1. Does S233 satisfy the criteria of being surrounded by 19 or more Cβ atoms within 10 Å (Cβ to Cβ) and either of a type outside the set (K, R) or without any contact (Cβ under 8 Å) to a residue 12 or more places away in the chain (or both)?
2. So, K657, is that one in contact with a strand residue (DSSP E or B) (Cβ under 7 Å, 6 or more places away or on another chain), under 27 Å from S420 (Cβ atoms) and not aliphatic (A, V, I, L, M) or not?
3. For the condition over 22 Å from G47 (Cβ atoms), of a type in the set (D, E) and either assigned to a loop (DSSP other than H, G, I, E, B) or not assigned by TED's automatic domain parsing to the domain that holds G79 (or both), what is the one hit in E134, E122?
4. Contact list please: Cβ distance under 6 Å, first residue in segment 350-363 and in a loop (DSSP other than H, G, I, E, B), second residue modelled with pLDDT under 75, pairs at least six apart or on different chains.
5. Can you give me the number of residues within segment 158-199 that are surrounded by 22 or more Cβ atoms within 10 Å (Cβ to Cβ) and either assigned to a loop (DSSP other than H, G, I, E, B) or polar (S, T, N, Q) (or both)?
6. Give me a count of the residues in segment 601-612 that are under 39 Å from the mean Cα position of the chain (by Cα) and either within 28 Å of D422 (Cα to Cα) or surrounded by 15 or more Cβ atoms within 10 Å (Cβ to Cβ) (or both).
7. List pairs: first residue in segment 315-336 and within 22 Å of S287 (Cβ to Cβ), second residue among the basic types (K, R) and not in a helix (DSSP H, G or I) anywhere in the structure, Cβ distance under 7 angstrom, at least six positions apart or on different chains.
Amino acid sequence: MTNSQIILNVATRESELSVTQTEQLLVYLKGIIPAIDYNVKKFTTTGDRNQKKDLRDSEDNFFTKDIDDAVIAGVVDFGIHSAKDCPYPAPSGLDWFWAPIFEDQRDVIVARKNTHLADLPENPVIGVSSDRREKFSVKRFPNGRIKSIRGDIKSRISQLDGGAYDVIIIALAAIKRLGIEDRITEIIPLNELMPPDAQGKLCISFRKNDKHFIELRKLFNPPVIFASAGIGSIGNLTIAVKDALKECEVCLYDSLINPKIFDYIHCDATLINVGKRNNSHPHPQESITNLIAYYARTNQKVVRLKGGDSTIFGRLDEEINLLENLQIPYRILAGISSFQSISASNGLLLTKRGENQGFTVFTAVNKDKKIVDIAKLKPYDLPLVIYMGIKAIRKLIANLLTNEDISKAMPVAIIFGADSIDEIIVIGTVENIVDKVKEVKTSLPGLIVIGQCVTNIGRNKYNILSNHKVLLTGSKAITTKAKREIVRYGGMAIELPLIKQIPCLQLKNIFKKIEDESWLIITSPSAARILISQMKTEKIDFRKIPHLAVCGSQTENEFIKSGIYPEIVPKDKFSAEELKKEILNVIPKNVKIFRLRSDLATTDLSDFLRQNKYKVNDCVLYNTKSVVVSELPKFDSVFFASNSAVVTFINNFGVEKLEDKLVIAIGKPTQRTLNKAGIKNIITSHKATSKDSIFNLARHLVGGKINNNNK
């Protein structure tokens, strides 16, 4: 990333809350992309000027129109709004997304200063600004008098304290952002008053196709996942789709989905039935597409769940077109289609050696809802997919050209190693594909695809890591989360474990010693995993673990999986230095401490604690062994999660293999090892986690694109 500065003008309302939340968001954005500076311009809106209108009767752009007009006109580059104030659909020429920082969504009751709810009069006056708050107030205060309230948050509180109201209902997010939590009388539980999805969220509005904000949105908003549920049995659901459903926050699903599939979706996720049945279309296709585009911009994990395989007669093209136009990333997960299922369930084989060379699949009704004239249908009217034809491609193409209906310009693609990390795609026409494929040297199997559908290749190019291969050098346990984040940004994860961890043979003795100690210190997720695994193997009661101190959230999470909750976890910087500070603040001197580590970890922490009068027993829990690898896959960037992986990589392949690559280090110690080897192009995580490491890779690439866009 270069040091050149980009200055963007941002519009916000002039209220104290709007300015405060804008400043908080800009500090966050500045930390992500330091090359951008922001110039804040304050606006009054219709909602600010008209203080008499009841908000329950106001227009949907009451607080946004003036700012959005300024964005569209080019007076400012973008606007920052409270998300619940924003209309949808957005004004023509405008695009938007929810910001990645947000506050508590709940509402609160605020009474007059130094007053409790028990002190309210018999018929209290309740100040509300929405129908849902009115409904809650009628139920909570049956003898109360509902009265509309206007003004910014501090103005409303002033009206309350001045006697115009006895209590008011407002958003907890506003209270927190203004730092006036002392005014909260009661936080309303979600089961009593459910807030709108947008409450507590901030929305960034920008001119459609603005390259800076298109890139920022890719960084913050997860890609939409078009997931194929398979057909019939729950067993036809793929592992990839199952994993996507477990993480999704919004699921738009079709009818005829096996209901057991919903067991994989978290109970807090939003489920929206957008399915169609014969003669019943409660959600027209345009409505479904707009719903997908809306949720895709709300910083939530969205799954569009379709039956069978969504790429076959699933109207997928219509649903991804709008995302393509908005340059919103998406992923497609394949599924089991009905034509595959009929073969598996009853032995009806659509291909059989010596009998059926292949088959044609088509829909009986065209886009005009007319029945297809089967008698006139030619094989060449449909895409041709040819298996096992690479060696015979010259003869196949020559034979095809004998048909006068086939144009020499007909698109052709040859796909080697389909859907693998080594996938190679050769695109041409009937006229030139034979010459083009000669240049490819591979042993991978290839599919030949002939037809206009080939022109769709190259879509879904808006993911940050599209066609980007990230090499993961750690053990599988370490790189699982990194792999998930790489896929989330549309990249390809190549696993190449360079180290393996071998538990020590003296574990029974180690476990006996642990019981005699007051505190146990674990400073890596690997140590936590090995300790827990070996305790299970040896059938050692987890309750025998003493007080526990760990180095960071990933190590903490390894223990939490087994119901063990560490008492010391550095909250900001996950490092041994931060852990030292926490120990000195929490654990009394002369206490017995047991430190378990790998053979490669230093004794610096134990030595430090001994110097500070702690009784430390330092012991090696596992040994780290290098893995010899003879072949290095092609990659664009490499992620190192440990010093030992760096050393092993260099011993196997040499430093020169890293010279023109992006190198990601999980933390400062790994960065120092890379620096000693002469590696300079290093992206170092702010937090020593796999997730943050891959986010920093994405942030680096987005920052580079924004700088290039500005040239």
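1. The answer is no for S233.
2. no
3. Answer to the selection: E122.
4. If the second residue must be modelled with pLDDT under 75, the pairs left are L350/S343; F359/L350.
5. Adding up the residues that qualify gives 2.
6. Taking segment 601-612 as the starting set, the residues that turn out to be under 39 Å from the mean Cα position of the chain (by Cα) are 601-606.
Keeping just the survivors that are either within 28 Å of D422 (Cα to Cα) or surrounded by 15 or more Cβ atoms within 10 Å (Cβ to Cβ) (or both) gives 601, 605-606.
Adding up the residues that qualify gives 3.
7. E319/R304; E324/R459
This table checks each residue for (1) under 27 Å from N61 (Cβ atoms); (2) over 18 Å from the mean Cα position of the chain (by Cα).
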position	(1), (2)
L190	no, yes
L193	yes, yes
P196	yes, yes
Q199	yes, yes
R217	yes, no
F220	yes, no
I231	no, yes
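The values are calculated or read from the model by the stated rules, or taken from the named source; none is laboratory data. Fair warning: this is a prediction, and the values are worked out from it, not measured in the lab. Glycine also receives a Cβ, built like all others from the backbone with ideal geometry; neighbour counts cover every protein chain displayed.
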